[in-house]
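Undergrad: What follows is a structure written as structure tokens; I'll ask about it next.
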Amino acid sequence: MIAPTVLDPVSEPSATALLVLADGTVLRGEAFGARGTAIGEVVFNTGMTGYQEVMTDPSYSGQLVTFTYPELGNTGVNPDDQEADRPHVRGVIARQLSPRASNWRSQGDLEAWLTQHGVVGIRSVDTRALVRHLREGGALNGAISTDGTPPAELLAQVRSAPSMQGLNLAAQVTTREPYHWSQTCGASFDTRLQVNPERPYRVVAIDFGIKRAILERLVAHGCDVTVLPADASLDQVLSHSPEGVFLSNGPGDPSAVSSGIDLARGLLAQNDLPVFGICLGHQILGLALGGRTFKLGYGHRGLNHPCGSPGQVEITSQNHGFALDAESLPADRVRVTHLNLNDRTVAALEMRHAPVFGVQYHPEASPGPHDADHHFARFTALMASRR
């Protein structure tokens, strides 16, 4: 148990904020962003940059994100760094907020942007102590409150909130209608490979909480992408005559996404159809193959996770609280190709006799390093071979 952070009294009572954890820990700080109360799973992200991409990543739906980097807001916000139309985090926990934004790409102020989108935040807390607490005890539910709700009342609300285990959050963040995506990255400084085949590869992407940058990298590698909702049926997918199917990242417990698992089983029965899964999509592939998932103690959330295959290490961007149980995967059908080198959990897999593979991390690098971009090229190579 960590001791509450004691701060000097703030000048305005309305600026006071509380962070209450399910184990009874109470931290006091200062409010920023919107006013109100937000309840969710308290997690931490170790990235030193990319706070806007993190906050808009649908995979963070239902979570209160603690940033280990001590200052937020110094580079402002801009539309190019958004992974969705709005933030998906329920709340933000920070050591301090920069008093001004200064960056050539900045088009706004972080606090004003959070206020506009109704996201509550707490700052001036000891985030190092909080992260150590979460590492030792595991991620747990909590509440950020900036509206004066008493701690005892917040604790009761937190303890009655559902656990992340068993939640199908993909159903909440998915698109409601199919749409076509043809945009590549608009940022002038992204000089990564772009491929323009004479005939783009027809790809159906299943949206469990997809990030825009992933769609942009698919297009950059020569794909023509149609995005379908998370509950799309096999017949709906095949009606688009796809040359490949992509299963996206997303939030929540993968074992609760029953429609996605059923779809993946149907896709695997197509034999020669290339299928590529990222993060939640990777886990759904593993479940469809007969594997099991389990909840990690505090998850993998950051830009610096080493993952390896024999003779090669990739530094990867990750955001997940669940993982596949390697022992549960059928060895005659599945090969684990990459391990997370911090804890030896499954980082990537492939089918032995079919063009199907998945990676647990986010190879599009938004935010994060570019080490893993080659997985998109592998997907298009499988579609080219099928042609």
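Nothing in this text is a laboratory measurement; each read-out follows from the coordinates by a stated rule. On a predicted model such as this, the values are computed, not experimentally measured, just so you know. No Cβ is skipped: glycine too gets one built from the backbone with ideal geometry, and neighbour counts run over all protein chains shown.
Undergrad: Where does the charge balance sit around Gly308 when Lys and Arg score +1, Asp and Glu -1, over other residues with C-beta under 12 Å from its C-beta?
TA: Here the count lands on -1.
Undergrad: What does the charge add up to near Val120, with Lys and Arg as +1, Asp and Glu as -1, over the other residues with Cβ less than 9 Å from its Cβ?
TA: Net local charge, Val120 excluded: +1.
Undergrad: Applying 1/(1 + (r/R0)^6) with R0 = 45 Å to the Cβ-Cβ distance of Arg192 and Arg35, what FRET efficiency is obtained, to the nearest 0.05?
TA: Result of the calculation: an efficiency of 0.65.
Undergrad: Same structure, new question: Using only alpha carbon positions, build the gyration tensor of the range 60-182, then give the equivalent ellipsoid semi-axes as the square roots of 5 times its eigenvalues, largest first, whole angstrom.
TA: Semi-axes from the Cα gyration tensor: 26, 23, 14 Å.
Undergrad: Something else: So, in nm, how far is label Trp104 from label Ala15 when the simple model puts each one 7 Å beyond its Cα toward the Cβ?
TA: Inter-label distance under the simple model: 3.5 nm.
Undergrad: Can you compute the helix-only [θ] at 222 nm over the chain? Use -39500 (n - 2.57) per DSSP H run of at least 4 residues, normalise by all residues, nearest 500 deg cm²/dmol.
TA: So the calculated ellipticity at 222 nm is -6000 deg cm²/dmol.
Undergrad: Now for a separate question. Which one, Gly260, His353, Ala205, is farthest towards the positive end of the dipole of the chain when Lys and Arg carry +1 and Asp and Glu -1 on their Cβ?
TA: His353
Undergrad: Take peptides 105-118, 272-285, 315-328, 250-263 and line them up by average Cβ neighbours within 10 Å, highest first, as a rough protection proxy.
TA: 272-285, 250-263, 315-328, 105-118
Undergrad: Quick one: among Arg132, Arg199, Arg28, which has the greatest mean-square fluctuation in a GNM of the chain with alpha-carbon springs under 10 angstrom?
TA: Arg199
Undergrad: Using a Förster distance of 45 angstrom, determine the FRET efficiency expected from the C-beta separation of Asp85 and Ala331, and round it to 0.05.
TA: 0.60
Undergrad: Moving on. With a bin width of 5 angstrom, please list the P(r) values of the range 291-369 as percents of all Cα-Cα pairs, from the 0 bin to the one holding the largest distance.
TA: Per 5 Å bin, starting at 0, the Cα pair percentages come out as 3, 16, 26, 25, 19, 9, 2, 0.
Undergrad: Something else about it: Have a look at Tyr69, Tyr361, Tyr51 and tell me which one the Gaussian network model of the chain (Cα, springs below 10 Å) gives the largest fluctuation.
TA: Tyr69
Undergrad: Among residues other than Cys185 whose Cβ falls under 14 Å from its Cβ, what is the net charge (Lys/Arg +1, Asp/Glu -1)?
TA: Value of the local net charge: -3.
Undergrad: Moving on to the next point. Just to be sure I understand, if you calculate Rg/Rh (Cα atoms, Kirkwood Rh) for this structure, which of [x] 0.96; [y] 0.98; [z] 1.18 do you get?
TA: So the calculated entry is the one marked [y].
Undergrad: Once you put a point 7 Å from the Cα of His240 and another 7 Å from the Cα of Ser258, both along the Cβ direction, what distance in nm separates them?
TA: If labels sit at His240 and Ser258, their model points lie 2.5 nm apart.
Undergrad: How big is the charge dipole of the range 170-386 about its Cα centre, in debye rounded to the nearest 20, if each Lys and Arg gets +1 on its Cβ and each Asp and Glu gets -1 on its Cβ?
TA: 160 debye
Undergrad: Where the centre of each part is set by its Cα atoms, how far does the range 286-300 sit from the range 205-261, in angstrom?
TA: 19 Å
Undergrad: Looking at the square roots a ≥ b ≥ c of the eigenvalues of the Cα gyration tensor of the range 74-143, which shape do they give, rounded for a/c under 1.5, prolate if a/b is larger than b/c, or oblate?
TA: Prolate.
Undergrad: Once you wrap a convex hull around the alpha carbon atoms of the range 170-386, what is its projected area averaged over all directions, in nm²?
TA: For the range 170-386, the mean projected area of the Cα convex hull comes to 11.3 nm².
Undergrad: Can you tell me the dipole magnitude for the chain around its Cα centre, using point charges on the Cβ only (Lys, Arg +1; Asp, Glu -1), in Debye to the nearest 20?
TA: Roughly 460 debye for the chain.
Undergrad: If you take the square roots of the eigenvalues of the alpha-carbon gyration tensor of the range 16-114 and sort them as a ≥ b ≥ c, do you get rounded (a/c under 1.5), prolate (a/b over b/c) or oblate?
TA: Judged from the Cα gyration tensor, the range 16-114 comes out prolate (a/c at least 1.5, a/b above b/c).
Undergrad: Still on this model: Compute the relative contact order of the chain as a whole-number percentage, counting only Cα pairs closer than 8 Å that sit 6 or more residues apart in sequence.
TA: Result for the chain is 15 percent.
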